[in-house]
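First the structure, in the form of structure tokens, and then the observations on it.
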Amino acid sequence: MKQIQMVDLKSQYSRIKPEIDSAIQNVINNTSFINGASVQDFSSNLEKYLDVKHVIPCANGTDALQIALMALGLKPGDEVITSDFTFIATVEVVALLGLKLKFVDVDKNTFNLIPEEVEKAITPKTKAIVPVHMFGQGANMEAIMKIAKKHNIFVIEDTAQAIGGEYKCTDGKTKKLGTIGTIGCTSFFPSKNLGCFGDGGAIFTNNDELAIKLKQITNHGSKVKYYHDEIGVNSRLDSIQAAILNVKLKYLDEYILARQKAANFYDNAFKNNSKIKIPGRDKNSTHVFHQYTLQLEGINRDDLKEHLNNKGIPAMIYYPYPLHLQNAYKYLGYKKNDFPNTENLCNKVLSLPMHTELTNEQLQFITETVLEYANK
Ligand SMILES: *Cc1c(COP(=O)(O)O)cnc(C)c1O
């Protein structure tokens, strides 16, 4: 059996090597390393794929979130509501811009924001909600958009883990995650569902005016070279990364299916075990399984992780410690038990290997090893 990895980028690459290599070589031949044709091509291809009017590429997912907040003209002291159970990047940019972070607890089945808690956290100073489509499953966007409309606030979707996922509204319309809110943000970090060979990110919007502003901010606040209308940043997607993404975008739906197939295998193996809780599903969203995350009841999570590692099975804890208790965010004044679901999840979650190259043999070995430990 091939060695099991948390994410197997090498096998994925080897299947499309000729195409990728020639795309990279093409950029090198043109030496159009910055803003080459591949960047424009990728933007339009992703716009088509997502059915969104504007895709603005940038340097990484963290920048995408920061630029989104900047484009909305948020001012120091404005409040931004987001999840307490997410990767640090989501909240870091809020703090960096001098905006006030308001954490909200997450649903214990789906790991996504609880809309009722979002509404409770709204004050006259609230300017934006940042739902994170956690582990690849859409947050309850319909409820969140309703709250946002009612209170006239922006919604920035953190789609870093959920590119290609779909959300079905009650009117039957289906939209891609990241295209429902005011702005959507994503990351092309290598291990993400659509990953490049370095850093990359993008911002989506259907709003023409915002698109101009977003683009301008990524380019030093400038539309016309050496004339700067506002304070911007330097955040670009390299032409080589765009060329790689152009190839990989064609396979994204296939990649999603492979992840879902692995998830179904895990589900079927674990669903009847009382000590292992499989990831909850939201009826309105597909799940594109950036991570497959179990919750363990009455099993020592850290012991199981070590046991798996000893058997050659990597497993990771996403995330081990709630954001509201992190040293860097102590200044916000939150305390223990403020967000019981998140705190509880941090003690119970364990993510199993999840990628596009898992074989049935590997899945069989992983599930058997977990079950053997759980049932002993
Ligand atoms: C990966 C990730 C980001 C940041 O993306 P980078 O490209 O690494 O900057 C932001 N939010 C979430 C939820 C992520 O998983």
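General observations
- Candidate set from the range 91-109 (those that are surrounded by 20 or more Cβ atoms within 10 Å (Cβ to Cβ), closer than 22 Å to Ile147 by Cα and not charged (D, E, K, R)); member that is farthest from the chain's Cα centre (by Cα): Leu99
- Residues in the range 22-60 that are β-branched (Val, Ile, Thr), buried (at least 17 other Cβ atoms within 10 Å of the Cβ) and more than 16 Å from the ligand (Cβ to nearest atom): Ile24, Val27, Val39, Val52.
- Counted residues, the range 197-213 - those being within 14 Å of the ligand (Cβ to nearest atom) and buried (at least 24 other Cβ atoms within 10 Å of the Cβ): 4
- Scanning the range 240-253 for residues that are touching a residue at least 12 places away in the same chain (Cβ under 8 Å), surrounded by fewer than 24 Cβ atoms within 10 Å (Cβ to Cβ) and not β-branched (Val, Ile, Thr) returns Asn246, Lys248, Leu249, Tyr251, Leu252, Asp253.
- Looking only at the range 70-95, residues that are more than 13 Å from the ligand (Cβ to nearest atom) and either more than 17 Å from Ile203 (Cβ to Cβ) or in a helix (DSSP H, G or I) (or both) come to 9 in all.
- Which listed residue, of Ile88, Ile81, is closer than 29 Å to Pro322 by Cα and buried (at least 23 other Cβ atoms within 10 Å of the Cβ): Ile81
- Asp63 passes every criterion in (1) touching a helix residue (DSSP H, G or I) at 6+ places or on another chain (Cβ under 6 Å); (2) among the acidic types (Asp, Glu); (3) within 16 Å of the ligand (Cβ to nearest atom) apart from (1).
- Qualifying residue in the range 159-181 (condition: closer than 17 Å to Lys102 by Cα and either aliphatic (A, V, I, L, M) or assigned by TED's automatic domain parsing to the domain that holds Ile20 (or both)): no
- In the range 131-169, the residues that are farther than 25 Å from Met316 by Cα and part of a strand (DSSP E or B): Phe154, Val155, Ile156, Glu166, Tyr167, Lys168
- So Thr174, is it more than 12 Å from the ligand (Cβ to nearest atom), free of Cβ contacts under 8 Å to residues at least 24 places away in the same chain and among the polar types (S, T, N, Q): yes
- So Arg259, is it assigned to a loop (DSSP other than H, G, I, E, B), modelled with pLDDT of 95 or more and surrounded by 14 or more Cβ atoms within 10 Å (Cβ to Cβ): no
- Taken together, Tyr321, Tyr334, Tyr329 contain a single residue that is assigned to a loop (DSSP other than H, G, I, E, B), at pLDDT 95 or above and within 23 Å of the chain's Cα centre (by Cα), which is Tyr321.
The values are calculated or read from the model by the stated rules, or taken from the named source; none is laboratory data. All values derive from a computational prediction rather than experimental measurement. Counting neighbours? That spans all protein chains shown, and the Cβs are built from the backbone with ideal geometry, glycine included.
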